[in-house]
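Let me begin by presenting the structure, written as structure tokens, before commenting on it.
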Amino acid sequence: MTPEAVTLAPWGPDDLPLLERGNTPEMTAHLGGPETAAQLEERQERYLRLMAAGEAVMYRIELGGAPVGGIGYWQVEHEGVPAWETGWNVFPEWQGRGVAREALRLVVREVAQRGDRHLLVAYPGQDNPASNALCARAGFERRGAGTIPWRGGELAFHAWVLDMAPLDLDGREPDLDERFDEGVLDEKVWWPYYLPHWSSRGRAAARYSVAPDALELVIDADTAPWSPEFDGGNRVSHLQTGQFSGGLGTAVGQHRFRDGLVVREEQPERRLHLPRFGVIEVRMAAVRHPDTMVACWPIGFEDAPERSGELCIAEIFGRELDDEGGWVGVGVKAQHDPRLRDDFEKIRVTGDLTEMHDYAVEWTPDALRFFIDHRWVKTVRQTIDYPVQLMLDLYEFPRADGGRDTAALPHTLRVERVRTFPPA
């Protein structure tokens with residue numbers, strides 16, 4: 001099953017049979033048992049009434065156009081704060097296939113785009129491990145538990161909260177505020193080579209200029225592939241704020257992006273700017289060309305092999321931009337950290353991404369919250385507890401026939417600002 005196969009369709013007047021289909025002992029085991037026919041009719045009427053009043057949004061979950069469950073969200077208060085509450089069900093024959101996960105992801109995206117309430121909450125029963133695990137995987141934070149009267153008995157629940165509040169930097173002082181306005185690159189902060197241990201400083205050197213209002217990373221007509229031995233025809237112009245690798249001929253080095261890598265040129269160790277927790281923010285403009293990608297993805301300094309996780313603040317392929325907007329990849333990539341799992345997705349953003357936009361992550365010991373133009377887009381509830389180095393990238397990928405669109409060159413990534421803030 002692909003995520004695209006799961007869709008949401010508005011709940012309608014003819015959907016009472018879906019409530020009846022889900023009203024079995026198996027489906028209601030964590031909810032106190034089945035409802036009566038009258039209770040189901042009342043619930044159907046309540047769905048339609050609240051939807052008409054704008055107080056709820058209810059959906060059929062569909063797979064290939066066929067209904068496989070239901071999901072929705074409705075207005076509540078959580079500890080005195082206006083919130084949306086969500087709940088879902090998937091029919092037994094479709095459980096365990098990621099349907100609920102994808103349906104919840106779609107609801108999260110919709111609530112985030114609304115922006116009218118910054119909390120999304122869920123209250124699954126304490127004896128419902130699947131729903132509690134789904135909340136955790138979706139980035140919700142467990143904030144307590146409780147009991148309520150329910151269907152003639154008591155329901156013991158966990159309270160899960162997804163905080164969608166925008167990024168607030170008021171009153172916070174950055175420990176790095178790079179505006180690229182000095183006329184030269186500050187090499188006390190930036191190492192202008194892309195993973196040179198897998199190649200050489202000569203091949204991996206960035207082409208750049210420090211303009212009055214922005215850094216410009218450039219790939220020209222004569223830019224050569226940075227590591228043809230290990231990375232084919234890929235061309236890169238890049239800055240990073242650290243460097244660690246082993247001796248010549250070893251396999252020790254940052255960002256082991258494929259098997260079989262060998263250090264081809266020894267490099268000095270550089271610990272230039274290595275934040276650990278806080279906020280990392282970049283303001284940059286993407287490149288709209290099908291052969292390009294721009295990115296800001298801090299990686300673990302990797303002075304130990306497992307300290308290699310990646311915080312993908314923004315990854316934007318030129319082929320995924322159009323006249324209305326584009327897709328921005330955000331999240332965590334485990335790389336070689338066995339304590340992490342990949343939790344990465346592409347967020348659709350409206351507007352011209354070749355103009356300047358702000359991309360940021362707020363990083364605490366137990367979670368990472370990602371933002372685009374200060375608006376929340378994703379939470380990853382995992383722990384990355386080691387320093388990372390900043391990575392700013394412009395890539396040009398070879399075409400299938402090995403050719404290049406020389407008429408479009410040079411490709412230029414413009415970066416207006418990079419800031420980091422220590423933990424609040």
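Residues are listed down the side, and each one gets a yes or a no for (1) part of a loop (DSSP other than H, G, I, E, B); (2) surrounded by 22 or more Cβ atoms within 10 Å (Cβ to Cβ); (3) in contact with a Phe, Trp or Tyr (Cβ under 7 Å, 6 or more places away or on another chain):
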| position | (1), (2), (3) |
| --- | --- |
| Pro212 | yes, no, no |
| Leu217 | no, yes, yes |
| Phe230 | no, no, yes |
| Glu265 | yes, no, no |
| Leu274 | yes, no, yes |
| Arg283 | no, no, no |
| Pro290 | yes, no, no |
| Pro305 | yes, no, no |
| Leu311 | no, yes, yes |
Going by the structure shown, is Ala221 out of contact with any Asp or Glu (no Cβ under 7 Å at 6 or more places or on another chain), small (Gly, Ala, Ser) and either crowded, with 18+ Cβ neighbours inside 10 Å or within 18 Å of Pro305 (Cβ to Cβ) (or both)?
no
When Met164 is evaluated against the numbered criteria (1) modelled with pLDDT of 95 or more; (2) under 29 Å from Phe301 (Cβ atoms), which criterion, by number, is the only one it fails?
(2)
Is it the case, given these coordinates, that Leu239 is farther than 29 Å from Asp177 by Cβ, open to solvent by less than 30 Å² (accessible area, probe 1.4 Å) and of a type in the set (A, V, I, L, M, F, W, C)?
no
Flagged in region 218-270 as in contact with a Pro (Cβ under 8 Å, 6 or more places away or on another chain), over 17 Å from Asp393 (Cα atoms) and charged (D, E, K, R), in numbering order, are Glu265
Scan (1) assigned to a loop (DSSP other than H, G, I, E, B); (2) small (Gly, Ala, Ser); (3) open to solvent by less than 20 Å² (accessible area, probe 1.4 Å) for the single condition Gly249 breaks and write down its number.
(3)
Tell me which of these Asp177 doesn't satisfy, since it passes every other one: (1) closer than 20 Å to Pro423 by Cα; (2) in a loop (DSSP other than H, G, I, E, B).
(2)
Go through region 139-164 and count every residue that is open to solvent by 30 Å² or more (accessible area, probe 1.4 Å) and either within 30 Å of Leu390 (Cα to Cα) or out of contact with any strand residue (DSSP E or B) (no Cβ under 7 Å at 6 or more places or on another chain) (or both).
7
Leading residue by the ranking (surrounded by the most Cβ atoms within 10 Å (Cβ to Cβ)) among those in region 125-134 that are closer than 16 Å to Arg381 by Cβ and in contact with a His (Cβ under 8 Å, 6 or more places away or on another chain)
Ser131
Quick one: which of Arg105, Arg117 is modelled with pLDDT of 95 or more, open to solvent by 30 Å² or more (accessible area, probe 1.4 Å) and assigned to a loop (DSSP other than H, G, I, E, B)?
Arg117
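The values are calculated or read from the model by the stated rules, or taken from the named source; none is laboratory data. Predicted model, so just to flag it, every value in this text is computed and none were measured. Using ideal geometry, Cβ is built from the backbone for each residue, glycine included, and neighbour counts are taken over all protein chains shown. Accessible surface is based on the protein model in full, side chains and every heavy atom, while ligands, DNA and RNA are left aside. Shrake-Rupley method; radii C 1.70, N 1.55, O 1.52, S 1.80 Å.
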